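Asks: Take a look at the following structure, please.
All of the numbers you see were taken from the coordinates with simple rules; none came from a lab. Here the structure is a predicted model, which means the values were calculated and not measured. For neighbour counting, all protein chains shown are included, and Cβ atoms are generated from backbone atoms with ideal geometry for every residue, glycine included.
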Amino acid sequence: KNEVEQSPQNLTAQEGEFITINCSYSVGISALHWLQQHPGGGIVSLFMLSSGKKKHGRLIATINIQEKHSSLHITASHPRDSAVYICAVRWGLYDMRFGAGTRLTVKP
Amino acid sequence: EPEVTQTPSHQVTQMGQEVILRCVPISNHLYFYWYRQILGQKVEFLVSFYNNEISEKSEIFDDQFSVERPDGSNFTLKIRSTKLEDSAMYFCASSETGNTEAFFGQGTRLTVV
């Protein structure tokens with residue numbers, strides 16, 4: 001059974017700080033997703049990774065397949081980045097397993 | 001920008017009643033999914049659907065649940081006889097292929113009373 005662990009559970013930062021959220025998983029995967037969940041509950045897909053690194057604006061996601069680990073970085077954090085960030089892994093064709101999420105609060 | 005649309009946003013139903021949650025996936029997407037999130041818990045996979053049939057389902061997706069694509073645009077999740085523990089946020093998602101990014105709807109909050 002593939003377990004997905006995220007750290008930290010909660011993170012508070014000051015505006016402008018560099019943020020790192022970590023995700024580790026226990027078995028080989030076909031893809032890893034980073035998702036953002038806003039207070040209203042809606043989920044937005046940020047990245048899908050199977051190797052290497054992706055960048056979109058101030059967000060950077062990396063994955064190390066050998067170490068079964070991924071990180072999501074936010075540069076120059078802003079209060080509007082406050083949300084729950086969820087790591088999810090797909091190791092078969094369709095089933096996805098989700099981490100518990102990291103609640104990020106960015107204070108002005 | 002194309003998006004996945006779910007209706008209703010919130011549904012309250014009595015225990016034992018049947019509910020149908022509706023989703024309109026992105027038009028050129030071929031793979032459809034349902035997930036649920038019980039309040040305060042992780043998001044959980046329920047079922048995936050491709051080519052008019054279920055391609056994979058989790059242990060949660062028992063005989064009380066069914067999915068259907070009744071026409072070219074809608075994708076529905078039916079819960080036959082709701083239980084209190086079915087109260088959750090239900091998310092629909094779609095993707096172009098099985099290996100591409102999934103796009104999520106805003107969710108339907110189901111409250112069973």
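Asks: Pairs of alpha-carbon atoms within less than 8 angstrom and 6+ residues apart define the contacts here; what relative contact order does chain A have, in percent?
Replies: Details: 276 pairs, mean separation 40.3, N = 108.
Relative contact order here is 37 percent.
Asks: May I pose another question? Once you've got the GNM for chain B with C-alpha springs shorter than 10 Å, pick whichever of B:Leu46, B:Leu30, B:Leu77 has the biggest mean-square fluctuation.
Replies: In the Gaussian network model the winner is B:Leu30.
Asks: Placing +1 at every Lys and Arg Cβ and -1 at every Asp and Glu Cβ, with all other atoms neutral, what dipole size does chain B have around its Cα centre, in debye to the nearest 20?
Replies: My answer is approximately 320 debye.
Asks: From the cross-link list A:Lys53/B:Lys42; B:Lys42/B:Lys83; A:Lys55/B:Lys78; A:Lys55/B:Lys57; A:Lys54/B:Lys42, which pairs have alpha carbons spaced over 29 Å apart?
Replies: Cα-Cα > 29 Å for A:Lys55/B:Lys78; A:Lys55/B:Lys57; rest within.
Asks: May I pose another question? Could you tell me the calculated FRET efficiency between B:Thr5 and A:Asn64, based on Cβ-Cβ distance and R0 = 45 angstrom, to the nearest 0.05? List each step's numbers first, then the result.
Replies: Working: r = 36 Å, r/R0 = 0.81.
Rounded to the nearest 0.05, the efficiency is 0.80.
Asks: Moving to a separate point now. When every alpha-carbon pair in the stretch B:23-113 is counted, what percent end up more than 20 Å apart?
Replies: So the pairs more than 20 Å apart make up 30 percent of the total in the stretch B:23-113.
Asks: So which chymotrypsin sites (Phe, Trp or Tyr not before Pro) in the stretch A:22-103 pass both tests, a DSSP loop state and at most 12 other Cβ atoms within 10 Å of the Cβ? Please list the in-between numbers first.
Replies: Working: sites: A:Tyr25, A:Trp34, A:Phe47, A:Tyr85, A:Trp91, A:Tyr94, A:Phe98; in loops: A:Trp91, A:Tyr94.
Nothing satisfies the criteria.
Asks: Starting from the 7 Å offset along Cα-to-Cβ, what nm value, one decimal, do you get for the label separation of B:Ser27 and A:Glu3?
Replies: If labels sit at B:Ser27 and A:Glu3, their model points lie 4.6 nm apart.
Asks: If chain A were replaced by its equivalent ellipsoid, with semi-axes equal to the square roots of 5 times the Cα gyration tensor eigenvalues, what would those be, largest first, whole Å?
Replies: 23, 14, 12
Asks: Enumerate by residue number the trypsin sites (Lys or Arg not before Pro) in the stretch B:25-113 meeting two conditions: DSSP loop (anything except H, G, I, E, B), and at most 11 other Cβ atoms within 10 Å of the site's Cβ.
Replies: Of the trypsin sites (Lys or Arg not before Pro), the ones in loops of the stretch B:25-113 whose Cβ has at most 11 other Cβ atoms within 10 Å are B:Lys83.
Asks: Give me the inter-chain shielding for B:53-59: mean count of other chain Cβ atoms within 10 Å, whole number please.
Replies: 2
Asks: Read phi for every residue in the stretch B:62-71 and hand back ³J(HN,Hα) as whole Hz from Karplus 6.51 cos²θ - 1.76 cosθ + 1.60, θ = phi - 60°, with x for Gly and Pro.
Replies: Values per residue, Gly and Pro as x: 9, 5, 6, 9, 8, 10, 8, 10, x, 8 Hz.
Asks: Over the protein assembly as shown, what lengths in whole Å, largest first, do the semi-axes of the equivalent ellipsoid take, defined as the square roots of 5 times the eigenvalues of the alpha-carbon gyration tensor?
Replies: 29, 20, 16
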